[in-house]
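In what follows, a structure is listed as C-alpha cells, so that the remarks can point back to it.
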Amino acid sequence: MITLKINNTQVEVPEGTTILEAAKKIGVEIPTLCHHEDLCVAGNCRVCVVEIKGRPRLEASCATPAENGMEVFTHSAKVRNARNVITQLLLSEHAEECTLCYKNGNCELQNLAEEYYHDDEMFIDLAHEREHRIDKSTALRYDPSKCIRCQRCVRTCAEIQGVNALSAAFKGKDMMITTFMEKTFGEVVCTNCGQCVVHCPTGALTERTYYDEIWEAIEDPDKHVVVNTAPSVRVALGEPFGLEPGTIVTGQMAAALRRLGFDSVLDTDFAADLTIIEEGNEFIQRLKKKFVDGEEVALPMITSCSPGWVKFIEHMYPDLLDHLSTCKSPQQMFGALAKTYYAEKKGIDPAKIVSVSIMPCTAKKFEANRPEMKSSGYQDIDAGLTTRELAKMIKQAGIDLTKLPEEDFDSIMGESSGAGVIFGATGGVMEAALRTVYEIITGREVPFRHLDIQPVRGLDGVKEATIKFENCKSEYSFLEGAEVKVAVAHGLRNARKIMDQIKEGKSPYLFVEIMACPGGCIGGGGQPIPTNDEIRMKRIEAIYREDAGKPIRKSHENPEIKQVYEEFLKKPLGEKSHKLLHTHYTKRNRY
Amino acid sequence: MPDTTKLIENLVEKYGKKRESLLPILKGIIEEERYLSEERMLEVAKALDISGAEVYGTASFYSFIDLKPRGKHIIRVCKTIVCDMKGKNEVIKTIKDCLGIDVGETTTDGMFTLLQTNCIGQCDHAPAMLIDGEVYNELNAEKVRNIIKEYKLNRQN
Amino acid sequence: MASQVKRAEIIFAPYSEYPYKILGEALKKSPDEIIEALIQSGLRGRGGAGFPTGLKWKFAKEAQGDEKYVVCNADEGEPGTFKDRDILVKVPRKMLSGMGICAHVIGAKKGFIYLRAEYDYLKEALQKEIDFFHQHCEKYGLDFHVEIKSGAGAYVVGEETALLNSAEGKRGEPRNKPPFPVTEGYLNKPTVVNNVETFVNAMMVCRIGAEEFAKYGMRGQKGSKLFSIAGDTTKPGVYELELGLTVEELVNEFGDGNTKAVQVGGVSGFCVPRAKFKDKTIGFPGKDDVNYIPTGGSIMLFNHTRSMYHVLENYLEFFEEESCGQCTPCRVGTQQLLKGIKAIKKGEKDPEYLDTLYKLAETMKVTSKCGLGQSVANSFCSIVDEFKEEIIY
C-alpha cells in the first residue's frame, strides 16, 4: 500500500493507483475531459493537473501514479489558474453554440466552463476559422468544430471495438479527429455502433436525430404511427429524468408514448420472442443438417440481432457471413409484421403506417435504412430513434416521466416474455434461445435454477457455457448426450477473438451470441450518457429483475407468439417467415 | 506507371508485415510516386492489416509524406529563423519567378513543386533548401537560378 | 581579438587508436564498471535535457525485459542545431562504438539510429559505416545489430517517447511519463535513448577515463560540448568547446561586433539580451542556478538589424506547426500566442493583452505534456521580458 496526502488528508491506496483515483477515494473530485473509466489513460486535455510538492510542474492526475509520501494539492491557486487557462483555451477552439447544440445540458465541457466561469473571452476565437464540415450520415453526426480532440472516440473505436474508424490526423494547429480521408461515416469502415457518441464529452459526435420527422407523422391525421420499444430502453429511460440507473420505467414509458400521440404503443420484446422461435429452430435445423444429413453447414451459428455487429462482420469477416443467423433483428421482424400482419388484423392500409422503433442503438438507424429491409413492400421500419431522442421528445411534450402512471402496451404485438426482455443484456439472447431450444429438444425446462442461465450473464468479455442434451425427444435423438458449447461476446474487440478462432477453424462452439456494445444493448450507442461499467451493471440487474417478475419467461409460451404462428406465419422457418423474417448479408470492404 | 501493387508487396517484404514498417513503406511509396494517394493508403492498410484511418492519421502527421500530388522535383525551402534572416524570402521569390508558381503549387508540366519546410539543419550555410532530399545551401538569387536551370536542362536530356 | 573561448578536443580528437579498438577494450570491462565511470565523469545527456547518462544506463540495465534496445536519437530538429550532422559525417564510428558499449552494458541485442528525414542524404554513407561496425561487433563477440530508421518530418519526434512511437510506425506523439523508456521504451521493452553526441561522449569516457573527461569544463560543468553557431556571426559552424562558458565569451569569439541578443538552446531555449551576456553561463543548472542555461548546442546570434518581434513570430509559427497537437496547452496555446502578438502588433488587442499571453505561456510551461509545450515559454517569456517594446510597437 502507498500512503500519500491529498489536500492535507492522508489516504492509503494500492500501488499503481493514479492520483485521480486516490483523490476520488476521499471525495475529492478532480475535473477531467479526456479521461474515461472505460478507456486507457491519455493525459491529453490537461484539465486534471494537480500540484505535487517539490515538483516545479503540475502533473496530470489521471496519468500520474500515487507515490509514497507525495503531497498533492488538487485545487491550489496555481492549479485553479492553470485549469482556468486550459478551459479558456478549449473554449477558444470550440464552437460555442451551446443553445444550438444537441448536447446542451449534458456536456462535460459546458460543466467545466460553468465551474471555471470567465466573464469575458480570454483568448481569440479560433473556432470560426475552422472548416465547418458536418458529417450527417444515416446513423451518426460529426461536427468537428465542437471537437476538443480528447481522443476518447479514437480510443473507444480502437480499444473497445477494434475497428479504428477514427484517428487523430495531421499535427499542431491542424490536428483533428477524423475518419479515413475525412470521409463520412457512411463511406468508411464504421459499424455505426455509436460507442464514440457515448464516450464523446461534447456535442461533436452525436446520433443523427429523426424526431422532427416523427413529430410530423404523429400530427398527420392520415398516418397511423406505430412505435415499438427495445428491451433495454425501459431500464435506462429514467436516467435523463433524474432517476437512478437501473430504475425500471416500462409502464411509465408506455404511458409517455401514448401521451406523445403514437397511435399504437407496442413492444420490440414481442419481436424478440419471435426471433427466438425462428433462430432457435434455425439452430436446430443447422444441427440436424450437419449431424444427420451430413450437409456442409456453417457452425457455430452466430446471432444477428445487433446491427453494429452485423456491419462489423460484413466488413471484417466477409467470408464468414454464412455463420450469421439469417434471422432479422427484432426491430426488423417487428417492422415487417407491422405493415403486414398488424395492418391486416387492424384493417389499416400499410401505406399509411409509420413504424417507429425506440432503440438503445445508433446502428439501428442504419439497419432500418438497409435497402433489403423492405419485405413488407414498404420500408419496414421508417425511423429508429435512440433512448436519448425519446427522452428529448418526452421533455419537448412537457411530460414528467416520473409522475406518469404505469400503463400496458397495446395489442397485438405488445406482449412479451421474460426471455424477450433479457435480449437487452449481454448473454440474454443466448439464454432466451437456450430456454426454448432445450425445451424443444428434450420437452423439459432448461436445467438451471429459476431458468437463470448464470454462466452467460455478467460483464466478462467472452463467456462460455456447455449444455448437455439428455433424454431427448425421439425426433431429436441425434442430439442425445451431446454437449453443446456456446459462447457470448460483447464489444467488437471481444467478437474478434471468437471470429479469429472460427477463421482458423478452431472454434469449439456451436452457437455464439455477439453484441456490438459493451454490456449488450443496455450499454448501446443510443443510451443515456454517461455510461460506464457501474451504470451498465445497474441496467443489467434491472433487466433480470424485469425478467424474473414476468409471468411468462419463455418465448414459446408467449400467447401472442402462438397466435401469430396460428393466424399468420403458420410455422417457424416457413414460407412467410422466410419472406418476412429472414434476410441476407452484404460483403463489404475491409479497409 | 510502375506496378504499384508489386511496389507495396516488395516494400512489405523488405520491411516486414508489422506496424513498425509503416513509415518506411510510406516513404518507399513517396520515393516512387512523390505523394501518397488514397488508393495507396488503402493498399498499405490492407498489406499491414490496419485500418485506413490509422494509415491516414499517421501519414498526415509527417511533413515529408505528401498527401497531394507533387511534381517530379520537390523543392523545400527552409523558412526557420536563421534561413529567414539570411534571405529565404529572396530564395522563394527567385524560385517563384523562375517557375511561375506560388508556394504549395506545382508547375503545369508537373516538374516542380515549391514548398517551405522547417529547419533542415543547414543554419551554418543559410539560406538552404532541399530538392528531392539533396541539400543546396548558401543560396542567393543567382545560385538558385542556376540550380533551377540545371534541373530544367536535365529534364530535356 | 584574442580568443577567450577554450576549445576542447574530445569528440573530434584525432586519436591514433581506432574507435573500434576502444570498443573492444570497453567490452572487456564489466557493465557496472562502465556505469560507474560514466557516473564519475558527470556526463549528462547532450540532447538538451541533460539527464545523467550513467544513471540512465544503470536503470536500463536493471530493468527486466527479454529484449532491450539501444536507440540513437539523430532526429536533430531544434532550429539552429546541426552538430549531430557533423558527428554523423565525421566520426560515426565513435558514435557507433558508444552504442555498442551501451548494448554491452544494458544487455541489448538490437538498436537503431533514428535519422531525421532532412538528413536522408547521409543515409547511404551511414549504412556503410553500420555494416563495418557489425563486422567489428562480430569480431569482438558482441551480439548487437543496428539499423537506421528514417524520420518523415516532425520536430516533436526529437522528444524521446515521440521518437519511440514514430519508430513503432505511429504518430509521433509523446507518451505519458512514467513509464520512462528505460523500463518501457521501444515496443514497451527497456530502452536507452541517447543523443548522437552523448554516445560519442560515453565512448570517450571509456577511452580517456572519467577523471580526464571531467577535467574539461569550467564553472562546475563537466566535459566538452558541441555548439552549432549560426545567425549573425562571422564564422558559423560546429565547434567543440568546454562547457561552462559565458554567453559573453561566446559572443566575443563568434559575434559580428554588433550582437544584440543570443538565443541559447534553439527556439525552445532562452533569449539572452546584451545586458545579460556576462551573467549567463551555458551549462546544466544545479538547484537554483537561474543563470545557467542548458542547451543541446544551438547558439543563434542576432545583431542590431534584427526585429525581435519578427524573431518571436518566426518561432511561434514554428511551434504551432510542430506541436504534435494532442495536449491542449501546447496545441491551442501556441496558436493563441502567435495570434495574440499579431493582434497586439496590429492594434486589435491592447498592449495589456501581452500580460494574458505571458500568463498563458507560463501555464503552458507547467501543464504541457512534453518538453515541446513546456519550453515554448522559455523563448516567449525571455523575449517579451527583454524586448517588450519591440513586441508591442
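The values are calculated or read from the model by the stated rules, or taken from the named source; none is laboratory data. What you see is a predicted model; the values in this text were computed from it and never measured. Positions of Cβ are backbone-derived with ideal geometry, glycine not excepted, and every protein chain shown enters the neighbour counts.
Here are the numbers for the structure shown:
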| item | result |
| --- | --- |
| Single condition B:Lys46 does not satisfy, out of (1) in contact (Cβ under 8 Å) with a residue 12 or more places away in the chain; (2) surrounded by fewer than 21 Cβ atoms within 10 Å (Cβ to Cβ); (3) within 14 Å of chain A (Cβ to nearest Cβ); (4) out of contact with any Pro (no Cβ under 8 Å at 6 or more places or on another chain) | (1) |
| Counted residues, region A:451-481 - those being in a helix (DSSP H, G or I) and over 14 Å from A:Leu434 (Cβ atoms) | 5 |
| Check on A:Ser577, over 17 Å from A:Glu431 (Cβ atoms) and touching an Asp or Glu at 6+ places or on another chain (Cβ under 7 Å) | yes |
| Unmet criterion (only one of (1) among the hydroxyl-bearing types (Ser, Thr, Tyr); (2) out of contact with any Gly (no Cβ under 7 Å at 6 or more places or on another chain); (3) not in a loop (DSSP other than H, G, I, E, B)) for A:Thr436 | (2) |
| Among (1) within 14 Å of chain B (Cβ to nearest Cβ); (2) among the basic types (Lys, Arg); (3) over 24 Å from C:Cys324 (Cα atoms) - the single one C:Arg207 does not satisfy | (1) |
| Filtered residues of region A:44-57 (kept if facing chain C (nearest Cβ under 9 Å), surrounded by 24 or more Cβ atoms within 10 Å (Cβ to Cβ) and in a loop (DSSP other than H, G, I, E, B)) | A:Asn44, A:Cys45, A:Arg46, A:Val47 |
| Which listed residue, of B:Ile95, B:Ile8, B:Ile75, B:Ile29, is under 30 Å from C:Ile229 (Cα atoms) and part of a helix (DSSP H, G or I) | B:Ile95 |
| Filtered residues of region A:405-451 (kept if of a type in the set (Lys, Arg) and either at pLDDT below 95 or farther than 19 Å from A:Glu282 by Cβ (or both)) | A:Arg444, A:Arg449 |
| Subset tally (residues that are in contact (Cβ under 8 Å) with a residue 12 or more places away in the chain and in a helix (DSSP H, G or I)) for region A:123-155 | 9 |
| Yes/no for C:Ala108 being more than 14 Å from every other protein chain (Cβ to nearest Cβ), touching a strand residue (DSSP E or B) at 6+ places or on another chain (Cβ under 9 Å) and not in a helix (DSSP H, G or I) | yes |
| Condition met for C:Thr305 (assigned to a loop (DSSP other than H, G, I, E, B), surrounded by 22 or more Cβ atoms within 10 Å (Cβ to Cβ) and either in contact with a Ser or Thr (Cβ under 7 Å, 6 or more places away or on another chain) or not basic (Lys, Arg) (or both)) | no |
| Failed condition for A:Ala158, given (1) touching a Ser or Thr at 6+ places or on another chain (Cβ under 9 Å); (2) crowded, with 24+ Cβ neighbours inside 10 Å; (3) assigned to a helix (DSSP H, G or I) | (2) |
| Inter-residue pairs, beta-carbon under 9 Å, first closer than 15 Å to A:Glu93 by Cβ and not assigned by TED's automatic domain parsing to the domain that holds A:Thr202 and in region A:106-122, second modelled with pLDDT under 95 and outside any helix (DSSP H, G or I), 6+ apart | none |
| Hits in region A:165-187 (condition: touching a helix residue (DSSP H, G or I) at 6+ places or on another chain (Cβ under 7 Å) and more than 12 Å from chain C (Cβ to nearest Cβ)) | A:Ala165, A:Leu166, A:Thr179, A:Phe180, A:Met181 |
| Residue in region A:162-172 that is buried (at least 24 other Cβ atoms within 10 Å of the Cβ), without any contact (Cβ under 8 Å) to a residue 24 or more places away in the chain and either in contact with a Lys or Arg (Cβ under 6 Å, 6 or more places away or on another chain) or of a type in the set (Lys, Arg) (or both) present | yes |
| Condition broken by C:Ala261, with the remaining ones in (1) surrounded by fewer than 24 Cβ atoms within 10 Å (Cβ to Cβ); (2) under 19 Å from C:Ser379 (Cβ atoms); (3) in contact (Cβ under 8 Å) with a residue 40 or more places away in the chain; (4) out of contact with any Gly (no Cβ under 9 Å at 6 or more places or on another chain) satisfied | (1) |
| Subset tally (residues that are farther than 28 Å from A:Phe469 by Cα and either of a type in the set (S, T, N, Q) or touching a Pro at 6+ places or on another chain (Cβ under 7 Å) (or both)) for region A:260-299 | 2 |
| Neighbours by Cβ (under 7 Å, 6+ apart or cross-chain): first from region C:354-380, modelled with pLDDT of 95 or more; second among the acidic types (Asp, Glu) and surrounded by fewer than 23 Cβ atoms within 10 Å (Cβ to Cβ) | C:Ala377/C:Glu362 |
| Residues (assigned to a strand (DSSP E or B) and farther than 30 Å from A:Arg496 by Cβ) located in region A:309-362 | A:Ile353, A:Val354, A:Ser355, A:Val356 |
| Region C:14-71 - residue that is among the charged types (D, E, K, R) and assigned to a loop (DSSP other than H, G, I, E, B) and, of those, nearest to the chain's Cα centre (by Cα) | C:Arg46 |
| Considering residues of region A:245-291 that are assigned to a loop (DSSP other than H, G, I, E, B) and within 19 Å of the chain's Cα centre (by Cα) only, the residue farthest from A:His556 (Cα to Cα) | A:Pro245 |
| Residue in region A:543-591 that is farthest from the other protein chains (Cβ to nearest Cβ), counting only those that are among the hydroxyl-bearing types (Ser, Thr, Tyr) and farther than 15 Å from A:Val421 by Cα | A:Tyr565 |
| Yes/no for A:Leu434 being closer than 15 Å to A:Gly335 by Cβ, surrounded by 24 or more Cβ atoms within 10 Å (Cβ to Cβ) and touching a residue at least 24 places away in the same chain (Cβ under 8 Å) | no |
| Pairs where the first residue, in region C:154-169, is on the phi > 0 side of the Ramachandran plot and the second is of a type in the set (S, T, N, Q), C-beta under 7 Å, 6+ apart | C:Gly169/B:Ser21; C:Gly169/B:Thr58 |
| Test for C:Lys359: is it of a type in the set (Lys, Arg), part of a loop (DSSP other than H, G, I, E, B) and at the interface with another protein chain (Cβ under 9 Å from one of its Cβ atoms) | no |
| Checking A:Ile302 against (1) touching a residue at least 40 places away in the same chain (Cβ under 8 Å); (2) β-branched (Val, Ile, Thr); (3) surrounded by fewer than 24 Cβ atoms within 10 Å (Cβ to Cβ), the condition it does not meet | (3) |
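Residue by residue, here is whether (1) farther than 22 Å from A:Glu389 by Cα; (2) within 14 Å of chain C (Cβ to nearest Cβ) holds:
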{"position": "A:Tyr102", "(1), (2)": "no, no"}
{"position": "A:Glu115", "(1), (2)": "yes, no"}
{"position": "A:Glu121", "(1), (2)": "yes, yes"}
{"position": "A:Arg130", "(1), (2)": "yes, yes"}
